[in-house]
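**Student:** Questions regarding the structure given below will be posed in turn.
The values are calculated or read from the model by the stated rules, or taken from the named source; none is laboratory data. In this text the structure is predicted, and so the values were computed from the model without any measurement. Every residue, glycine as well, gets a Cβ built from its backbone with ideal geometry; the counts of neighbours run over all protein chains shown.
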Amino acid sequence: MKDNAILVIVARFLIPLVMLFGLYVQFHGEYSPGGGFQAGVLFAAAWILFVLIYGLETGLRVIPLRVIYSFACLGVLLYCSVGLLGVILGGRFLDYQPLLASPQAAQQAGIILVEFGVGVTVASVVMMVFLQFARRRALSQAAGLELDQEQDRS
Amino acid sequence: MFLLVVGTAVVLTRDLLKAAMLFAIYSLTIAGLFVVLDAGDVALTEAAVGAGISTILILAALTLVPGRERQQKGHSLPALLIVLITGAALVYAVSDLPEFGNPNNPVHQHVGPYYVEQTYPDMGIPNMVAAVLASYRSIDTMGEAIVILTAGIAVYALLSVPPKRRRRRAAENKDESQ
């Protein structure tokens, strides 16, 4: 779809905006509607739009496959390690109070960290699922079968 | 009302692409409904996930399958019966629902008031949804994140291997034709 000038220009304008809005939803989640989950989906949507316009190869050059996989796990790890940090510093699991001196600031820091973990995981998992569907067609064609005919026959 | 129209259209249409688009409209309408009900977080999720990502994923899956639903002859009576009974039970249950917006409803009597009163003194943040999600109920959210990761791994495991069985069948067909 690289040749369609309208699509390319609109996407060039939209992708940064969507990413910015994703970050806003991520880090402003305590004051306005939003949080890690929504932000992750928004961020992944920006990447998917990029892939739809510029093709999968370019998209994977921007964020390599391995990075997506590792980020999916790193998000959950960040969440768990914030919980364990509370235990190490003398609280209960996922207790944010020991993280900082002021209890309110500690709660806020804990929420932001945890939500960031959720956001990273959601973004990379959504990217991964889309990526698998997108690559599946290429894989099937590489395996030498025409999908539509295959469906008719079976 | 609009929801009903769109929902019926989703069921009736045979073109899967059209159904996916109609479903996105359906999700967006529901998101609008959530905004009207002051549930900003849910509305944002519904708009982003229901109308955005799931439509994209369905479209991506549609590239792998033929674009039209197969015509089925006749109707399945047990299915109709189950749907009718469930629908009737739900309609009956609606009459037992507590009055909308009444402060004495059970949902406002349990832990709700504690969260409403304590969120600001505890955390100093105004969004109660974020506070409940990430602090009061943070273990639930951790489970949610792990579920998402597991789902991603499952999709990866299912779809990343090349389609071997079908390749063999295609090879056999090629042999027969030769």
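**Student:** Going residue by residue through the stretch A:41-48, is there one that turns out to be within 22 Å of B:Arg137 (Cα to Cα), buried (at least 22 other Cβ atoms within 10 Å of the Cβ), in contact (Cβ under 8 Å) with a residue 60 or more places away in the chain and in contact with an Asp or Glu (Cβ under 7 Å, 6 or more places away or on another chain)?
**Tutor:** No, every residue in the stretch A:41-48 fails to be within 22 Å of B:Arg137 (Cα to Cα), buried (at least 22 other Cβ atoms within 10 Å of the Cβ), in contact (Cβ under 8 Å) with a residue 60 or more places away in the chain and in contact with an Asp or Glu (Cβ under 7 Å, 6 or more places away or on another chain).
**Student:** Looking at (1) at positive phi; (2) at pLDDT 85 or above, find the lone condition where A:Gly34 falls short.
**Tutor:** (2)
**Student:** Only one of these is surrounded by 16 or more Cβ atoms within 10 Å (Cβ to Cβ) and assigned to a loop (DSSP other than H, G, I, E, B): A:Gly91, A:Gly83, A:Gly119. Name it.
**Tutor:** Checking each option against the conditions leaves just A:Gly91.
**Student:** Let me ask you something else. Sort out which residues of the stretch A:1-22 are exposed (fewer than 14 other Cβ atoms within 10 Å of the Cβ) and in a helix (DSSP H, G or I), and write them in order of number.
**Tutor:** Across the stretch A:1-22, the qualifying residues are A:Ala5, A:Ile6, A:Ile9, A:Val10, A:Arg12, A:Phe13, A:Pro16, A:Leu17, A:Leu20.
**Student:** Only one of A:Gly55, A:Gly75, A:Gly35 is within 12 Å of chain B (Cβ to nearest Cβ) and more than 17 Å from B:Gly152 (Cβ to Cβ); which?
**Tutor:** A:Gly35
**Student:** Follow-up. Check B:Ala79, B:Ala24 and return the single one that is over 30 Å from A:Leu139 (Cβ atoms) and modelled with pLDDT of 85 or more.
**Tutor:** Being over 30 Å from A:Leu139 (Cβ atoms) and modelled with pLDDT of 85 or more holds for just one of B:Ala79, B:Ala24, which is B:Ala79.
**Student:** Looking at the stretch A:86-111 only, could you name the residues that are touching a Phe, Trp or Tyr at 6+ places or on another chain (Cβ under 9 Å) and either among the small types (Gly, Ala, Ser) or farther than 19 Å from B:Tyr120 by Cβ (or both)?
**Tutor:** Across the stretch A:86-111, the qualifying residues are A:Gly86, A:Val87, A:Leu94, A:Ala106, A:Ala109, A:Gly110.
**Student:** Within the group B:Val5, B:Val91, B:Val11, which residue is at pLDDT 85 or above and more than 14 Å from chain A (Cβ to nearest Cβ)?
**Tutor:** Of B:Val5, B:Val91, B:Val11, the one residue that is at pLDDT 85 or above and more than 14 Å from chain A (Cβ to nearest Cβ) is B:Val91.
**Student:** Still on this structure: I'm trying to understand the selection: among the residues of the stretch B:1-58, which are assigned to a loop (DSSP other than H, G, I, E, B) and among the aliphatic types (A, V, I, L, M)?
**Tutor:** Answer for the stretch B:1-58, where residues must be assigned to a loop (DSSP other than H, G, I, E, B) and among the aliphatic types (A, V, I, L, M): B:Met1, B:Leu37, B:Ala39.
**Student:** Within the stretch A:96-129, how many residues turn out to be at the interface with chain B (Cβ under 10 Å from one of its Cβ atoms), over 21 Å from the mean Cα position of the chain (by Cα) and in contact (Cβ under 8 Å) with a residue 12 or more places away in the chain?
**Tutor:** Summing the residues that are at the interface with chain B (Cβ under 10 Å from one of its Cβ atoms), over 21 Å from the mean Cα position of the chain (by Cα) and in contact (Cβ under 8 Å) with a residue 12 or more places away in the chain in the stretch A:96-129 gives 2.
**Student:** Yes or no: the stretch B:31-48 includes at least one residue that is within 13 Å of the chain's Cα centre (by Cα), under 19 Å from A:Val18 (Cβ atoms), surrounded by 15 or more Cβ atoms within 10 Å (Cβ to Cβ) and in contact (Cβ under 8 Å) with a residue 24 or more places away in the chain.
**Tutor:** Within the stretch B:31-48, not a single residue is within 13 Å of the chain's Cα centre (by Cα), under 19 Å from A:Val18 (Cβ atoms), surrounded by 15 or more Cβ atoms within 10 Å (Cβ to Cβ) and in contact (Cβ under 8 Å) with a residue 24 or more places away in the chain.
**Student:** Another question about this same structure. How many residues does the stretch A:29-55 hold that are among the small types (Gly, Ala, Ser) and within 21 Å of A:Phe13 (Cα to Cα)?
**Tutor:** Number of matching residues: 6.
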